[in-house]
Amino acid sequence: MKSTLKLLLASVALTTFAMPAFAKDMTVDLSGEPSSLDPQVQWNPDSYYVYRNIFDNLVTRDNEGKIVPQIATSWEQVSDTEMLMTLRDDVIFHDGQKMTAEDVVFSIKRITDPEFGSPQLGQFDQISDAEAVDEVTVKLTTDGPYPALLAQLVKLSVVPKHVVEEVGDDAFNAAPVGSGPYKFTDWNRGVSVTLTRNDDYWGDAGSIETAVFRAVPDAATRLADLQAGAADLVVGLDSDAATQLAGQDDVQLLSAPTERVAYLGMNLDKPPFNDPELRKAASMAIDTVGITEGLLGAGEVSVAQLASPAHFGYAEGIAPWEFDPEAAAEIVSAKADVAATPATFATAPVFDQRIVQALQQMLNDVGFNVSISVTDMPTYLDIVRSDPADNAELSFGRWSCACQDADGIAYPLLHSGSNWSRVNDPKLDELLDTARGSLDTQVRQDAYNQVHQIVRDNYYTLPMYQAAVLYGAASDLTFTPTANESLFLNRMTWSE
Amino acid sequence: MASFLLNRLFQALVTAFGVITLVFFIQRLTGDPTALLLPETATQKDFEAMRQTLGFDRPMIEQYLSFLGDMIRFDLGRSFIQNAPVSEILASRFPQTLQLAGGALLVAFAIGLPVGVIMALTRGRAISRWIMGLVLACQSMPTFWSGIMMILVFGVWLKWLPPSGTGSLAHLVMPSIALGLLSLATYARITRSAVVDELGRDYIRSARARGVRTPRLVRKHLLRNSAIPVISITALEISQLLAGAVIVETVFAWPGLGQLTVQSIASRDFAVVQAVVLLGAWVTILANLTADILYSLVDPRVRLGNQ
């Protein structure tokens, strides 16, 4: 009994007196730990938030979204399928070795090798060859004319050939060596990744000396960390969290429109949405402004096309959707028996369920018969990628190609050759192929203008808004969020 | 004793085999991990290439047999999400959960046991009913709620404790309490009824008649004789704690097996899920076995095996 009491007292004492030390390093709360730090393997935000600081890419995007030089100082399209890139000659990897054209060639060949099995293969597999012309020049060859090449190269990180070959893929992933503004220091599995500033960086390494990226899966906990000062920057917040932070002096909310486009997908092969009139009714039933301003309110931009102002190929002058529930109800009541066909709305927990439920409600209000079916992500992906006959009638998506080019979103969702597409329109296919195969930006833009108009006229799919991303940050941190959802530490500063 | 242990070991192997077989097939019925690995723009060709790289294109039974072969050689496989051997991942996560479960058990035991004894000794009085109400509250609070509330109060407002994460003893306090609350209530209730049972027995009455005072009575007589139900409950609570850790670890960003399990199930990281479930099965089996052995130590009337 006495020892039990002692234990009891000890635990009470612990609760009362243990004062943790809050270190004033840059601490970032992510929703999960990086799947990999090898930039050529896994492809998800929690991974690239971290590794984009360790590695340089051939080109990058500035805060305004423009493609600007990084490792490549200039580039020239020498033929329809060949591009010559000139590289910096002052880039040193973190182990002290100089970066050469061979490292760039190695990086491209590694990620495009099907044997290597990179999940990012599909973004680079149009590059058929890479060749070092001299120490600082690389020639890239593509399968055919490939207008999105530069947009894709924004994500091509250069890895050191000598290190990867010497230590192997696993060891490289566990302790990556890059050339970026931050050096890898430590990976405490399941807990955090620590990076330290690379003081020998060829460019601006920024002012933050050490950064710790932690895995904090629960959004409420990330919020509490920020409020308690245990984290300086947190990702993955929604508008409810934003409301909680409002009115607090020591924290700020940062938001930016991303290149994700949210849309309501419809199955064009099954009733009720095989009928263009009923699709029109659906478009009129949905209050996109109510969703973006009432539910979300993080700076989402309404769009009526499968592209956003952050994409090349965004068309000016596409009329916004008309919100007119009475007119929608009239169309539906004229075709009441078809419209009442039970429609399944397939979704998964990763999608904002508030929006899914709002959409269901709006459609049912005008006379549709929509029910929501929530499954986990793999099951959902199986459903939406299946044949039209087995497919759900409705789905909600937030599409990102991470390339900021309409090709990456309109092609997979609209071209009959893609297994995501429910559309089969030869005219659309032709325009999408033209836009994909031409290096002439005017030809491409014209094609996309027509694509977006055809989609709008036929109600093939209902694009709704350009999604925004919300970050919570300490109020003395200066950081400009970008459309490609990167956390570049060397672009952040502390104000004194 | 030896034949008892051998018998139990054989039973344990059969259980473990059944568990991993079930997990192997159920997981594979619930979706294709390649769809999660590849970006949205991936083509059918990319999918096929990825399936081949990961070995999912082979017939199910072939995959199962090679999996069993690996298990026999103690090879837990490789996580294709974390790109690391599963044994390495478990080795980094298991101690964290052990620490948390230890902390929780300590909270539950150190508070639940005395509370149970007090409730038994004061039974029928108002104080007992008050304590019972508190215990019930502990048991009824869902951990995802009590955890967040503790974070808000002690982490954000009072700033006494770090709101989440690991690294020091202070980090362990809130998760241990959140996880321990449920077991605490169970301990208090079981201890209470065991002690109440004993209180009615003749030896207690004669001890009281001899003039033995209550503290000594509890220490010398009641606790030891009430120990058997408490030990059986501990074996059950250990598996309860592993299950509860799933939520507590997510709320407090505690890098243990619970968090790993949720993430691995969500991403269909087959090898990790299999290994975690297998580990959970072994922990449960061993906890029960230990409880059986402890019975015979605490109560000499219990004999193990056929003697």
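The values are calculated or read from the model by the stated rules, or taken from the named source; none is laboratory data. This one's a predicted model, so the numbers in the text were calculated from it and none came from an experiment. FYI the Cβ positions are ideal-geometry reconstructions off the backbone, even for glycines, and counts take in every protein chain you see.
Summary of computed values
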| read-out | value |
| --- | --- |
| Residue in the stretch A:160-183 that is surrounded by the fewest Cβ atoms within 10 Å (Cβ to Cβ), counting only those that are within 12 Å of chain B (Cβ to nearest Cβ) and under 20 Å from A:Ile71 (Cβ atoms) | A:Phe172 |
| Filter result (within 14 Å of another protein chain (Cβ to nearest Cβ) and either on the phi > 0 side of the Ramachandran plot or not hydrophobic (A, V, I, L, M, F, W, C) (or both)) within the stretch B:210-239 | B:Arg213, B:Thr214, B:Pro215, B:Arg216, B:Arg219, B:Lys220, B:His221, B:Arg224, B:Ser226 |
| Qualifying residue in the stretch A:467-486 (condition: more than 23 Å from the chain's Cα centre (by Cα) and free of Cβ contacts under 8 Å to residues at least 12 places away in the same chain) | no |
| Verdict on A:Ser386 being in the same structural domain as A:Pro272 (by TED's automatic domain parsing), free of Cβ contacts under 8 Å to residues at least 12 places away in the same chain and exposed (fewer than 14 other Cβ atoms within 10 Å of the Cβ) | yes |
| Residue list for the stretch A:210-228, restricted to those being in contact with a Lys or Arg (Cβ under 8 Å, 6 or more places away or on another chain) and either more than 13 Å from A:Leu245 (Cβ to Cβ) or of a type in the set (Val, Ile, Thr) (or both) | A:Thr210, A:Val216 |
| Selected residue (criterion: nearest to A:Val469 (Cα to Cα)) from residues of the stretch A:340-358 that are in contact with a strand residue (DSSP E or B) (Cβ under 6 Å, 6 or more places away or on another chain) and more than 14 Å from every other protein chain (Cβ to nearest Cβ) | A:Val356 |
| Any hit, the stretch B:46-59, residues being among the charged types (D, E, K, R) and at the interface with another protein chain (Cβ under 9 Å from one of its Cβ atoms) | yes |
| Residue among B:Leu184, B:Leu223, B:Leu236 that alone is within 30 Å of B:Met149 (Cα to Cα), surrounded by 19 or more Cβ atoms within 10 Å (Cβ to Cβ) and hydrophobic (A, V, I, L, M, F, W, C) | B:Leu184 |
| Options A:Gly117, A:Gly96; residue that is on the phi > 0 side of the Ramachandran plot, among the small types (Gly, Ala, Ser) and out of contact with any helix residue (DSSP H, G or I) (no Cβ under 8 Å at 6 or more places or on another chain) | A:Gly96 |
| Pick from the stretch A:121-159, criterion free of Cβ contacts under 8 Å to residues at least 40 places away in the same chain, out of contact with any Lys or Arg (no Cβ under 7 Å at 6 or more places or on another chain) and farther than 23 Å from B:Leu38 by Cβ, ranking: surrounded by the most Cβ atoms within 10 Å (Cβ to Cβ) | A:Ala132 |
| Among (1) under 14 Å from B:Val115 (Cα atoms); (2) at pLDDT 85 or above; (3) touching a helix residue (DSSP H, G or I) at 6+ places or on another chain (Cβ under 7 Å) - the single one B:Ser193 does not satisfy | (3) |
| Filtered residues of the stretch B:132-153 (kept if touching a residue at least 40 places away in the same chain (Cβ under 8 Å) and away from chain A (no Cβ under 14 Å)) | B:Val135, B:Leu136, B:Cys138, B:Gln139, B:Met141 |
| A:Ser35 being part of a helix (DSSP H, G or I) and within 14 Å of chain B (Cβ to nearest Cβ) | no |
| Qualifying positions in the stretch B:77-125 - among the hydroxyl-bearing types (Ser, Thr, Tyr) and buried (at least 22 other Cβ atoms within 10 Å of the Cβ) | B:Ser79, B:Thr97 |
| Total residues in the stretch A:254-301, condition part of a strand (DSSP E or B), among the hydrophobic types (A, V, I, L, M, F, W, C) and surrounded by fewer than 22 Cβ atoms within 10 Å (Cβ to Cβ) | 3 |
| Helices (runs of 4 or more DSSP H) wholly inside the stretch B:80-174 that include at least 3 residues being within 23 Å of A:Glu33 (Cβ to Cβ) | B:86-121, B:143-150 |
| Answer residue from the stretch B:24-39, given it is among the polar types (S, T, N, Q) and assigned to a helix (DSSP H, G or I) and is farthest from the chain's Cα centre (by Cα) among those | B:Thr34 |
| Residue in the stretch A:419-437 that is more than 22 Å from A:Met464 (Cα to Cα) and within 14 Å of another protein chain (Cβ to nearest Cβ) present | yes |
| Set B:Ala91, B:Ala84, B:Ala42: member being within 13 Å of chain A (Cβ to nearest Cβ) and over 30 Å from the mean Cα position of the chain (by Cα) | B:Ala42 |
| Filtered residues of the stretch A:412-465 (kept if in contact (Cβ under 8 Å) with a residue 60 or more places away in the chain, polar (S, T, N, Q) and part of a loop (DSSP other than H, G, I, E, B)) | A:Asn424, A:Ser438, A:Thr461 |
| Output for the stretch B:166-197, where each listed residue is touching a Gly at 6+ places or on another chain (Cβ under 7 Å), among the polar types (S, T, N, Q) and under 18 Å from B:Gln259 (Cα atoms) | B:Ser176 |
| Some residue of the stretch A:364-373 being in contact (Cβ under 8 Å) with a residue 12 or more places away in the chain, out of contact with any helix residue (DSSP H, G or I) (no Cβ under 6 Å at 6 or more places or on another chain), within 10 Å of chain B (Cβ to nearest Cβ) and not basic (Lys, Arg) | no |
| Failed condition for A:Ala256, given (1) more than 14 Å from chain B (Cβ to nearest Cβ); (2) small (Gly, Ala, Ser); (3) free of Cβ contacts under 8 Å to residues at least 12 places away in the same chain; (4) closer than 15 Å to A:Ala473 by Cα | (3) |
| Residue in the stretch B:47-68 that is part of a loop (DSSP other than H, G, I, E, B), in contact with a helix residue (DSSP H, G or I) (Cβ under 6 Å, 6 or more places away or on another chain) and free of Cβ contacts under 8 Å to residues at least 12 places away in the same chain present | yes |
| Matching residues, the stretch B:281-302, being buried (at least 17 other Cβ atoms within 10 Å of the Cβ) and within 18 Å of B:Arg93 (Cβ to Cβ) | B:Ala281, B:Val283, B:Thr284 |
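Condition check ((1) in contact (Cβ under 8 Å) with a residue 60 or more places away in the chain; (2) away from every other protein chain (no Cβ under 14 Å)) across all residues:
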| position | (1), (2) |
| --- | --- |
| B:Val195 | yes, no |
| B:Leu241 | yes, yes |
| B:Pro255 | yes, no |
| B:Leu260 | yes, no |
| B:Asp269 | yes, no |
| B:Val283 | no, yes |
